[in-house]
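Everything on this sheet refers to the single structure shown next.
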Amino acid sequence: MSARPSDLPAPLDVARIRADFPLLARTVNGKPLVYFDNANTSQKPQAVIDAVDDFYRRHNANVSRAVHTLGEEATSAYEGTRDKLARFINAPSRDEIVFTSGTTQAINLVAYSYLLPRIQPGDEIVVTTMEHHANIVPWQIVCERSGAKLKVAPITEQGELIVENFVELLTPRVRLAGVVHVSNVLGTVNPVAELARAARKRGIPLLVDGSQALPHMPVDVRALGCDFYALTGHKMFGPTGTGALWARKELLRDMPPFFGGGEMIREVRFEGTTFADPPHRFEAGTPNIAGFVGLGAAIDYMESIGRDRIAAAERDLLDYATAALKTVPGLRIFGEAKHKAAVISFLIEDAHAHDLATLLDHEGIAVRSGHHCAHPLMRFYGVPATVRASLSFYNTREEVDRFVEAIGRVRKLLG
Amino acid sequence: MKPMSAANLYQQLVLDHYRHPRNRGELAGWTHAADGVNPLCGDALRIELRCADGRIVGMRFSGQACAITTATASMLSELVQGRGADDVATLHAPFGRLLNGDLGEDLSLGPLNAMRELHRHPSRRKCAELPWATLRAALAGTARVSTETA
């Protein structure tokens with residue numbers, strides 16, 4: 001065993017961590033489950049399941065309106081998650097955290113409430129080739145309605161953003177730039193701080209899609225220097241239907257509401273309504289209260305493990321899995337960025353991604369096959385689909401071994 | 001080699017039609033043709049037919065597709081020889097029931113009964129539907145078809 005420098009975090013006790021996730025104990029098609037679809041959604045620790053369960057059993061009430069005890073408890077738990085999330089991403093203020101159903105809603109909020117009212121025909125929006133559809137389609141809708149143009153910054157064959165090309169696109173016509181923090185297909189970690197500095201110098205707000213970053217690494221929005229950060233809860237061990245938009249206070253302050261209804265008003269008269277301040281201005285209607293209580297538990301859970309240790313464990317798994325996959329004849333990996341999260345997209349010779357995924361499922365191994373909501377990226381690589389194995393800190397080297405052995409068998413079967 | 005469990009979908013018959021597809025390629029002098037796509041996975045299939053007196057006397061298919069689509073197209077190309085559009089429609093109905101898991105076996109479908117296992121894989125059903133949709137589009141004189149609009 002090689003010596004570990006003392007500044008590295010202590011390794012994880014993976015067996016103990018796996019015991020925290022009840023689903024990881026199940027079998028699929030008679031085999032112990034190997035769950036390698038974490039970029040799609042993560043599994044949930046017992047602490048999160050318990051928090052949701054406990055909320056419905058003991059505290060269920062609507063938030064921000066009832067003065068009775070349950071209402072106070074529900075509000076305090078729900079708003080408590082806002083405090084936790086603000087700390088988790090080092091936001092300057094809890095009031096800069098707008099709860100949404102996920103990243104998609106967060107980006108659409110920026111599209112409709114921030115960008116659409118101010119964008120003009122001939123203006124431009126900049127994104128990159130490696131964006132998820134959630135960071136492409138809302139901008140296309142804005143362009144369609146406003147007569148603005150979408151500009152796309154290219155990537156290299158290795159799957160790295162060409163930063164100078166991105167910066168070149170930041171002309172005075174650009175009203176917003178969007179970039180994914182960690183690519184859901186390639187695993188590439190983009191140099192967001194560098195991009196944010198370039199955008200800031202030109203007075204262009206930068207939106208970061210953080211869906212795949214939060215589950216894997218420490219995220220500090222102040223250090224990144226971006227203007228909007230969209231995130232989702234269900235990939236970071238929280239319930240589905242939870243997410244948030246972080247935005248600078250001055251940006252939120254000038255944004256009109258996106259949805260109207262209860263919860264987001266100060267005073268309603270038929271002559272006219274005054275709206276609540278952010279973040280509640282953007283949270284019309286009864287939210288996913290139990291979900292956000294669960295998200296609070298997920299944040300606590302991640303902090304109890306330590307995000308540095310999570311990142312280190314996943315780095316180890318990524319290196320191990322990449323080396324093992326490279327021994328498989330005919331296997332091509334898409335995305336070999338220097339800074340990369342534990343996401344491996346691949347294909348084997350002529351075998352179709354769906355055939356590979358179905359046959360791996362027969363072995364109890366869950367991977368995703370398809371376009372991963374990134375058609376333009378698939379087109380860039382000239383393939384209709386890839387298989388994607390996305391690992392989390394609760395995965396093991398033994399699971400990687402089983403995965404690679406199964407790929408060997410599948411390869412022969414389809415060969 | 002350890003046998004695959006639950007490998008009924010990828011049984012020998014299916015793998016044989018995948019590895020050695022029958023009637024793959026282009027058909028000189030085709031009278032009917034259609035291009036089909038499955039936008040969910042990007043698979044594309046082209047079917048060319050030669051029809052005489054309202055009957056299929058030749059079918060060839062080409063394109064890039066998964067094992068399920070390829071094997072279905074290959075099996076279909078043999079099954080429909082000498083049949084008319086009405087016959088194809090008549091065969092398609094039990095195939096749909098087969099994919100739903102509502103039908104044990106239908107002798108008229110021949111080797112296509114192997115696709116019955118797809119009722120356990122609802123996300124893969126469109127793979128087997130693509131050749132049928134493309135074939136029926138060709139017979140109907142429709143140049144393009146998608147499994148999402150068929």
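The values are calculated or read from the model by the stated rules, or taken from the named source; none is laboratory data. These figures come from a predicted structure and were not determined experimentally. Reconstructed Cβ throughout: ideal geometry from the backbone, glycine too, with neighbour counts over all protein chains shown.
Tabulated values for the structure
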read-out	value
Within the stretch A:309-405, strands (runs of 3 or more DSSP E) holding 2 or more residues that are of a type in the set (Ser, Thr, Tyr) and either out of contact with any Cys (no Cβ under 7 Å at 6 or more places or on another chain) or under 22 Å from B:Ala67 (Cα atoms) (or both)	A:386-390
Set B:Leu118, B:Leu130, B:Leu135, B:Leu109: member being over 26 Å from A:Val383 (Cα atoms) and either buried (at least 17 other Cβ atoms within 10 Å of the Cβ) or of a type in the set (D, E, K, R) (or both)	B:Leu109
Residue that is within 14 Å of chain A (Cβ to nearest Cβ), part of a helix (DSSP H, G or I) and among the basic types (Lys, Arg), where the choices are B:Arg125, B:Arg136, B:Arg116	B:Arg125
Filter result for A:Asp20 (touching a residue at least 40 places away in the same chain (Cβ under 8 Å), crowded, with 16+ Cβ neighbours inside 10 Å and charged (D, E, K, R))	yes
Conditions (1) surrounded by fewer than 16 Cβ atoms within 10 Å (Cβ to Cβ); (2) on the phi > 0 side of the Ramachandran plot: number failed by B:Val57	(2)
Residue pairs meeting the criteria (Cβ under 7 Å; at least 6 apart or on separate chains; first closer than 23 Å to B:Gln11 by Cβ and part of a strand (DSSP E or B), in the stretch B:58-70; second at pLDDT 95 or above and among the polar types (S, T, N, Q))	B:Phe61/B:Asn23; B:Phe61/B:Ser77
From the options A:Ala284, A:Ala198, A:Ala193, A:Ala223, residue that is in contact with a helix residue (DSSP H, G or I) (Cβ under 9 Å, 6 or more places away or on another chain) and buried (at least 17 other Cβ atoms within 10 Å of the Cβ)	A:Ala198
Any hit, the stretch A:316-330, residues being in contact with a Lys or Arg (Cβ under 9 Å, 6 or more places away or on another chain), away from every other protein chain (no Cβ under 12 Å) and on the phi > 0 side of the Ramachandran plot	yes
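Yes or no, residue by residue, for (1) buried (at least 23 other Cβ atoms within 10 Å of the Cβ); (2) within 12 Å of another protein chain (Cβ to nearest Cβ):
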position: A:Ile344; (1), (2): yes, no
position: A:His354; (1), (2): yes, yes
position: A:Gly364; (1), (2): no, yes
position: A:His372; (1), (2): yes, yes
position: A:Ser392; (1), (2): yes, no
position: A:Arg402; (1), (2): no, yes
position: A:Gly408; (1), (2): no, yes
position: A:Gly415; (1), (2): no, yes
